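Heads up, the thing below is written out as structure tokens.
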Amino acid sequence: MATHSDSVAGKKSNDVSNDLQIFNAENLQSNMKVIYYSRTFLSIIGGVIAGILGFTGLMGFVFYFLIMAITSVCLMAKAKFSVHSYFDSWNRILLDGFLGGLM
């Protein structure tokens, strides 16, 4: 016969298991590829636009960081601001590949 303490313990263990998120490695890797390709493409496009507009030096860096910030916001909007449904952390969508396209 289950007592009140047994049912409370059962609810707690169920709540903990519901809070634990499990990610499919293939889907996570596919999502990371999308971020990488998006950032690479927009780095190229941003570099071309910066060259056409004549942004060099510090202005070019500011333009690049502006493009990457807009890219991060657009990727989060694409994920409907529910980043933890598609990625394991916010850093994946905000910072991964951010400095890689600087070259």
From the set of residues in the stretch 13-48 that are surrounded by 10 or more Cβ atoms within 10 Å (Cβ to Cβ) and of a type in the set (A, V, I, L, M), which is modelled with the lowest pLDDT?
Leu28
In the stretch 50-69, how many are assigned to a helix (DSSP H, G or I) and either free of Cβ contacts under 8 Å to residues at least 12 places away in the same chain or not aliphatic (A, V, I, L, M) (or both)?
13
Could you list, in sequence order, all residues of the stretch 66-88 that are closer than 17 Å to Lys33 by Cβ and of a type in the set (S, T, N, Q)?
Thr71, Ser72
Pull up the stretch 61-103, narrow it to residues that are crowded, with 16+ Cβ neighbours inside 10 Å and either among the aromatic types (Phe, Trp, Tyr) or modelled with pLDDT of 90 or more (or both), then point me to the one that is farthest from the chain's Cα centre (by Cα).
Phe63
Taking the condition of being without any contact (Cβ under 8 Å) to a residue 12 or more places away in the chain and of a type in the set (A, V, I, L, M), how many residues in the stretch 21-33 meet it?
2
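The values are calculated or read from the model by the stated rules, or taken from the named source; none is laboratory data. This one's a predicted model, so the numbers in the text were calculated from it and none came from an experiment. Note: ideal-geometry Cβ built from the backbone for every residue, glycine included; neighbour counts use all protein chains shown.
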